[in-house]
Amino acid sequence: MTAIKTSIGRRSFLKTSALAGGGMMLSFSWLAGCKPPDETVALPKEWFELNGYLKIGDNGLVTIMSPNPEIGQNVKTSMPMLVAEELDVDWKNVIVEQAPLNTTIFTRQLAGGSQSISQGWKSLRMAGATAKRMLREAAAKAWQVSVDEVTTEASMLYHKASGKSASYGEMASAAAKIEVPKEVELKNNSDFKIIGTSRNNVDGQKIVTGQPLFGLDYRKEGMLIAMIAHPPAFGMKLKSVDDSQARSMPGIKDVFTIKTYPEEYALQWCDVDSFPELVVVVGNTTWQVMNARKALKLEWEQFSDHELTSSTFWGSTVKIKVPGGLENSAQHAKVMAEFSAKGGNVVRKDGNPEAVFKKAAKVVERSYSAPFLAHNTMEPMNFFANVTDEMAELVGPIQTPEFMEKSVAAILNLPLEKIDIQMTRQGGGFGRRLYGHFLVEAALISKKIKAPVKLVYTREDDMSFGVYRPAYHALYRAALDENNNLIAFHVKAGGIPESPLFANRFPAGAVDNYLAESWTASSNISVGAFRAPASNFIAGAEQSFLDEVAEAAGKDPIQFRLDLLDRALNKPVGEKNDYEAKRLAGVLELVRSKSNWGLETPNIHRGVSAYFCHDSYVAHVIDLKVESGKPRVEKVHCAVDCGIVVNPIAATNLVEGGSVDGIGHAMYSGLTFTNGTPDQTNFNKYRLIRHKEAPKAIDVHFVESDVDPTGLGEPPFPPVIGALANALYKATGKRHYQQPYLGEGITLG
Amino acid sequence: MATFNLNVNGKKQAVDVDPETPVLWVLRDHLDLVGTKFGCGMAQCGACTIHIDGTATRSCILPVSSVGDQKITTIEGLSEKGDHPVQKAWLEHDVPQCGYCQAGQIMSAAALLKENPTPTDEQIETAMNGNICRCGTYVRIKAAVKTASKNLNA
């Protein structure tokens, strides 16, 4: 057992329950998304709250709060599993409820960086262990025995010597009066009964029966619908509004403009200022508002170069140059080629790469690029707001409620405690809902119209007012000696407007002479995190390149990587290598064995890839077939090391999904611009992978591990792109350097 | 504005709306049936799939005036207790990730199995190709359709 200091106090909890009040009731009827308990168990007459994470009913039902936003990564099931594990509760008696935003109880209520499980690993278990300790103390007191002799199992308390037993429900009332322990013991991994077992999605029944769960499903008495009109192009701003026709249309309540951020407001990293002034149409129903918006006569004009000041995720302040002008994808490609031809900022240098390149027996040099991507969560951006002079009630899908609470408080000039943000289930996140401008917009609209309102984006709004994955470029060079040893490696990577470089990841540490350079080109197109930021491009580029280098060296691509990793493990170059060579090699070895690598099958073309990000390690082998001239993935073999796997069925689902998502984006997706306007604004032009293009089968293998859990939402996405590119090469005889690969006009033999 | 008498999930419902209003918004805004989802508004993603007289139909481009007395079935009315074989198979395979597209996927799958109780893999892919899932649950969806097919025919 591991004894850890608790940070759970009753005081902070009591404060919360008083504050939550009616909001809690609302969350029950609207947001709870409870897993229905065993049908034979009735709801308890009374709940006893042992700490902010859980309460126990007099009949033994347990409500566990899920603190973090649920965006499809399944934390609403897996985080409560951590609490239930240490509480020793029978999972069938657990009800899960979405927690309110409350930073005095919960830590890091954020969905991002694949961090929810790893950051909640201790705190959630501690919450369960604390409550269990209180139940045991209550039983010890009642039975007049030592607490050390009271054991627990599946929601029951036992005293073996006397044969006494009681259910959690029976002891809940007494336990609630016990002082919160200052220190609790956590289980040894080998004693886990829930962690490591498959538990189905707690919202499953509600999802398959179409119950209201998502932000867009939310409604409140007297609620109006709002839509915004934003500039048609990045680089433009509002010039004039003629709303005379729109105003007179049926069901329309008002048309007005809003400025999202006041002059004196200090932008946060999660604020988006690409379209600072918007036109708003408010009316009774979605269809009426949609039609009235079409009747607006709006004029736009270009803005000029300016500078924004914003805080970063880590709290420092940055100045961002926003150039004026209307940008084009053709011009972006030219800019990227020009930057790549120049020297970048040297981020890391080991040995003497330039000298070694000059004397190399063979040099391989290749460039890779990828376009902007729109997130395209299936649920478009939306938010409910009910803002009065006294307070703001905000309900909807947001990955960063803690941060947005600060933004909206400052913008509305209300104290933080008057901002009530409630989290709904989210129809996808992928990073898009880190950037909550739509929440602020909804709040400002409600304030202006003095009514509860739901702001709804159409797909076109969503895709053309994006916070896109940047466009990226990477140039790679590798030097081989006469014995085909990799003696120098050079990467120069950049993007519009962010660089995808990770200078200290593999193969850094495995090559004596190494150079990593970075560059950026400014843009007025808003960008942000997209599932596995930067890794989502650089992994595919690097792993395609390594495949080509292995081929040039006449080596098996897996063995080539393993040899390099052997070097990184046993005699690493430099001290700042971000990855553990042993674990990266581990997933490669696992996928090699599980895929029967080396086995040739007629008409099956194979590619391999491995990557480290978000503290996890993933390797893919793709089996690709050409059917009627089209490439189709027959099977994805995937090996994952994310430490302890909390919920295997959901973890497997996430790895399958990440693999499909990665293949889809690399193969089909891309957002291009003409004069600042996105060329794709709906799924008729923006391609997402579909059923007929999805892999026919996916085999997921987890490395057995005792290491604390690491990320899983993002790590399976980046490497699969390299495996796809490498399998496509085997199938077509052609290397693929530009995403989306389909856009390259794949010719198949 | 005009009044339309609709048959939704076996229940008569009168709505007073613009005749051009898509059935999707009639369901969501007027009848408070929000299980049918808005995804694209142009019949490209399938999130809004309902059944019109048993046939899978995209409700986001279907004007309410075109429905007449045909039967509308939404995810809420697919089964009384949420135990349609497709719904059960979805739970068994733990298909959903974010869950937003799944009502549409289920409605497409249910219509397919009604028409063709033993579809091949290719037939499943073809019938489901209009339903996008950004989370990438396609492999599980196919497995769940096969399970539902097996249970339907058992």
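Every number here is computed from the coordinates shown, using simple stated rules; none is lab data. Note that the coordinates shown come from a computational prediction; the quantities given were computed from them, not determined experimentally. Every residue, glycine among them, receives a Cβ derived from its backbone with ideal geometry; neighbour counts consider all protein chains shown.
Results, tabulated for the structure shown:
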| read-out | value |
| --- | --- |
| Projected label distance in nm at A:E149 and B:Q123, using a 7 Å step from Cα toward the beta-carbon | 6.8 nm |
| Rounded, prolate or oblate (a/c below 1.5 giving rounded, otherwise prolate when a/b exceeds b/c) for the protein assembly as shown by Cα gyration tensor | rounded |
| Debye, to nearest 20: dipole size of the protein assembly as shown, +1 on Lys, Arg Cβ, -1 on Asp, Glu Cβ | 400 debye |
| Other-chain or far-sequence residues with amide H under 5 Å of A:L224's (modelled H) | A:V453, A:K454 |
| Least to most buried among A:M404, A:M156 (fewest other Cβ within 10 Å first) | A:M156, A:M404 |
| For the stretch B:20-71 versus the stretch B:93-140, the gap between their alpha-carbon centres in whole angstrom | 18 Å |
| The stretch B:54-84: trypsin sites (Lys or Arg not before Pro) in DSSP loop, at most 10 other beta carbons within 10 Å | B:K81 |
| Relative contact order of chain B, pairs being alpha-carbon contacts under 8 Å that are 6 or more residues apart, as % | 23 percent |
| Packing-based exposure ordering (other Cβ within 10 Å, fewest first) of A:R632, A:R293 | A:R632, A:R293 |
| Stretchable slack from A:T104 to A:F192, in nm (0.36 nm times residue separation minus alpha-carbon distance) | 28.8 nm |
| The stretch A:399-450: trypsin sites (Lys or Arg not before Pro) in DSSP coil with no more than 13 other Cβ atoms inside 10 Å | A:K450 |
| Nearest-20 debye value, the stretch B:2-77 charge dipole, Cβ charges on Lys, Arg, Asp, Glu | 220 debye |
| Order of A:V356, B:V145 - criterion: other Cβ atoms within 10 Å of each residue's Cβ, fewest first | A:V356, B:V145 |
| Charge sum, other residues only, whose C-beta stays under 13 Å from A:M404's C-beta, Lys/Arg counted +1 and Asp/Glu -1 | -3 |
| Amide hydrogen neighbours beyond the local backbone of A:F702, cut-off 5 Å, H modeled | A:V640 |
| In nm, spacing of pseudo-spin labels at B:Q70 and B:D83 (7 Å Cα→C-beta vector) | 3.1 nm |
| In sequence order, calculated HN-Hα J values of the stretch A:436-442 (Karplus, 6.51, -1.76, 1.60; Hz; x Gly/Pro) | x, 4, 5, 5, 5, 4, 4 |
| Residue-span extension gain [A:A697 to A:S310] - 0.36 nm each, minus C-alpha spacing | 134.8 nm |
| Qualifying aspartates and glutamates (Cα of each under 15 Å from Cα of A:K141; at least 8 residues distant if same chain) | A:E149, A:E170, A:E179 |
| Chain B: most fluctuating residue of B:S66, B:S108, B:S79 per GNM, C-alpha cutoff 10 Å | B:S66 |
| Principal-axis tilt of helix B:102-115 within chain B, Cα atoms, nearest 10 degrees | 80 degrees |
| Summed side-chain charge close to A:N382 - residues other than A:N382 whose Cβ falls under 11 Å, Lys, Arg +1, Asp, Glu -1 | -3 |
| For A:T257, distant residues with modelled amide H under 5 Å away | A:V280 |
| Net charge of Cβ neighbours under 14 Å - reference B:G39; Lys, Arg +1; Asp, Glu -1 | +1 |
| Förster-model FRET efficiency, 51 Å R0, B:A154 and A:D58, C-beta, rounded to 0.05 | 0.75 |
| Within chain B, helix-based [θ] at 222 nm, where runs of 4 or more DSSP H residues each add -39,500 (n - 2.57), nearest 500 | -9000 deg cm²/dmol |
| CD proxy at 222 nm, helix term only [per DSSP H run n ≥ 4: -39500 (n - 2.57); per residue of chain A; nearest 500] | -9000 deg cm²/dmol |
